[in-house]
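Read through the structure below, which is laid out as structure tokens, and then see the notes.
The values are calculated or read from the model by the stated rules, or taken from the named source; none is laboratory data. The structure presented is a predicted model; accordingly, all values stated were derived computationally and were not measured. Every residue, glycine as well, gets a Cβ built from its backbone with ideal geometry; the counts of neighbours run over all protein chains shown. Note: accessible area is taken over every heavy atom of the protein model, side chains too, but ligands, DNA and RNA are not part of it. Shrake-Rupley method; radii C 1.70, N 1.55, O 1.52, S 1.80 Å.
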Amino acid sequence: MLALGLDAVLVVAFAAFGRVSHYGGVFGEYGLGLATTAWPFLAALALAWFVTLAWRAPFAPLRTGVPIWVVTVVGGMLLRALSGQGTALPFIIVATLTLLLLLVGWRLIGMLVRRLRRRASAAVRPKH
């Protein structure tokens, strides 16, 4: 559940950053700006977790992170289009690259940290 929570927080952060950079604020006129921007990607993220069976290897960058990223971007864009939100090519490119960095990036960092810790603990252990 930690990985799913982190994915969701990062998707909301992506939406919040976009709102601030394009509208000057997160919540908009009626306080629903962030929710309006984030929901298509959060719904697609939930679908991604389901179709990829991500809970089996939630921290794996390639086995889990890449498919989650692809489903989240494609599903999020489809839901944005169906709900009348913008899907201009520059937005698609920025969203694709940003979500790649966020959804796969944290898993890569985690994998590297685990490897470094294993090497460090192996170097400290006495050899028999």
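For region 30-41, what are the residues that are touching a helix residue (DSSP H, G or I) at 6+ places or on another chain (Cβ under 8 Å) and open to solvent by 80 Å² or more (accessible area, probe 1.4 Å)? Show your work before the answer.
Let us first name the residues in region 30-41 that are touching a helix residue (DSSP H, G or I) at 6+ places or on another chain (Cβ under 8 Å), namely 33-34, 37-41.
39 - this is the single residue of region 30-41 that is touching a helix residue (DSSP H, G or I) at 6+ places or on another chain (Cβ under 8 Å) and open to solvent by 80 Å² or more (accessible area, probe 1.4 Å).
Based on this model, can you work out whether residue 76 counts as closer than 14 Å to residue 98 by Cα, touching a residue at least 24 places away in the same chain (Cβ under 8 Å) and in contact with a Gly (Cβ under 9 Å, 6 or more places away or on another chain)?
Values: closer than 14 Å to residue 98 by Cα: yes; touching a residue at least 24 places away in the same chain (Cβ under 8 Å): yes; in contact with a Gly (Cβ under 9 Å, 6 or more places away or on another chain): no.
When the stated conditions are applied, residue 76 does not pass them.
On the stretch given as region 42-70, residues that are open to solvent by 40 Å² or more (accessible area, probe 1.4 Å) and either part of a loop (DSSP other than H, G, I, E, B) or among the hydrophobic types (A, V, I, L, M, F, W, C) (or both) total 13. Do you know which residues across region 1-17 are within 25 Å of residue 51 (Cβ to Cβ) and in contact with a helix residue (DSSP H, G or I) (Cβ under 8 Å, 6 or more places away or on another chain)? Once the filter is applied, which keeps residues that are within 25 Å of residue 51 (Cβ to Cβ) and in contact with a helix residue (DSSP H, G or I) (Cβ under 8 Å, 6 or more places away or on another chain), region 1-17 yields 3, 4, 6, 7, 8, 10, 11, 12, 13, 14, 15. For region 79-90, the tally of residues that are assigned to a helix (DSSP H, G or I), surrounded by fewer than 21 Cβ atoms within 10 Å (Cβ to Cβ) and touching a residue at least 24 places away in the same chain (Cβ under 8 Å) stands at 1.
Quick test of your reading of the structure: residue 102 fulfils all but one of (1) without any contact (Cβ under 8 Å) to a residue 60 or more places away in the chain; (2) surrounded by 10 or more Cβ atoms within 10 Å (Cβ to Cβ). Name the failing condition by number. Of the numbered conditions (1) without any contact (Cβ under 8 Å) to a residue 60 or more places away in the chain; (2) surrounded by 10 or more Cβ atoms within 10 Å (Cβ to Cβ), the odd one out for residue 102 is (1).
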